[in-house]
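The values are calculated or read from the model by the stated rules, or taken from the named source; none is laboratory data. Fair warning: this is a prediction, and the values are worked out from it, not measured in the lab. All Cβ positions, glycine included, derive from the backbone under ideal geometry; neighbour counts span all protein chains shown. Only protein heavy atoms, including side chains, enter the accessible area calculation; ligands, DNA and RNA are left aside. Shrake-Rupley method; radii C 1.70, N 1.55, O 1.52, S 1.80 Å.
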Amino acid sequence: MAEVNTSTKKGGTSENKNPRGRVFSAIWRVILILLAAVLAITSGTLAYDKFVKKSKIPSVFGYSMLIIASPSMTGSIEAGDAIIIKNSDSYAVGDVITYFPADESFSVTHRIVRMEGDKFYTKGDANQSEDPDPVLIEQIAGKVAVKLDKVGYFIEWLKSPVGIIFAATFIVLLILIIVIADKRRGKTGSADSESK
């Protein structure tokens with residue numbers, strides 16, 4: 001009977017050694033796996049949208065991120081802000097839309113100020129007059145769903161060579177910290193079990 005109690009104690013001790021460290025390690029692994037999965041799905045979707053579907057603005061599940069370069073919407077959207085647009089089946093007066101002017105490869109983000117039948121008339125909030133040409137629904141990439149103040153500057157910096165090196169270094173350091181912390185916990189756990 002004494003032997004049974006001793007083995008139960010040993011089993012309980014070895015199973016419960018450093019439980020906080022094991023939980024922390026498991027959480028980090030789950031976060032890394034989820035992050036890798038999200039990045040893989042996002043990259044795959046964007047690549048498919050750009051190279052297979054030949055979209056002018058690649059999107060993930062109907063959402064696209066753009067950076068505002070012009071001050072024409074000053075007051076509601078500033079130059080340097082990032083916007084997330086959502087593709088929609090219907091648009092109304094007051095919606096801020098991103099569209100491609102006829103025969104142009106660049107996009108414009110302006111507010112719908114009036115509609116006539118299937119034609120949308122737009123204007124930048126900071127502009128004095130409407131845009132010269134009406135916009136048809138097939139020219140519209142989507143309407144603004146989210147505005148991220150000044151995030152565009154950071155995204156543009158991340159696209160630069162210095163930003164890419166910084167992001168890659170940060171990711172590598174984060175992975176190294178997690179791996180080293182895991183190994184230290186493993187060594188501490190094995191040292192604890194050897195000393196008992």
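What pairs come out if I take residues in segment 132-151 that are more than 19 Å from S105 (Cα to Cα) and pair them with residues that are open to solvent by 60 Å² or more (accessible area, probe 1.4 Å) and not charged (D, E, K, R) whose C-beta lies under 8 Å away, six or more apart or interchain?
Pairs that qualify, where the first residue is more than 19 Å from S105 (Cα to Cα) and the partner is open to solvent by 60 Å² or more (accessible area, probe 1.4 Å) and not charged (D, E, K, R), are A145/Y63.
Between a residue in segment 159-177 that is in contact (Cβ under 8 Å) with a residue 24 or more places away in the chain and any residue that is part of a helix (DSSP H, G or I) and open to solvent by less than 90 Å² (accessible area, probe 1.4 Å), which pairs come within a Cβ distance under 8 Å, given they are 6 or more apart or on different chains?
I175/L32
Could you list, in sequence order, all residues of segment 104-142 that are open to solvent by 60 Å² or more (accessible area, probe 1.4 Å) and either hydrophobic (A, V, I, L, M, F, W, C) or over 20 Å from P71 (Cβ atoms) (or both)?
Selection gives S105, F106, R114, M115, E116, G117, D118, K119, D133, I137, E138.
Taking the options D49, D89, D118, name whichever one is modelled with pLDDT under 80, of a type in the set (D, E) and at negative phi.
Result of the check over D49, D89, D118: D49.
Answer with yes or no whether K17 is of a type in the set (K, R) and either modelled with pLDDT of 85 or more or in contact with a helix residue (DSSP H, G or I) (Cβ under 6 Å, 6 or more places away or on another chain) (or both).
Working: of a type in the set (K, R): yes; either modelled with pLDDT of 85 or more or in contact with a helix residue (DSSP H, G or I) (Cβ under 6 Å, 6 or more places away or on another chain) (or both): yes.
Here the answer is yes, as K17 does meet what is asked.
Give all pairs with beta carbons closer than 8 Å in which a residue from segment 28-45 that is more than 16 Å from I175 (Cβ to Cβ) and open to solvent by less than 80 Å² (accessible area, probe 1.4 Å) meets a residue that is of a type in the set (A, V, I, L, M, F, W, C) and modelled with pLDDT of 80 or more; count only pairs at least 6 apart in sequence or on separate chains.
Every condition considered, the pairs that remain are T42/V60; T45/V60; T45/F61.
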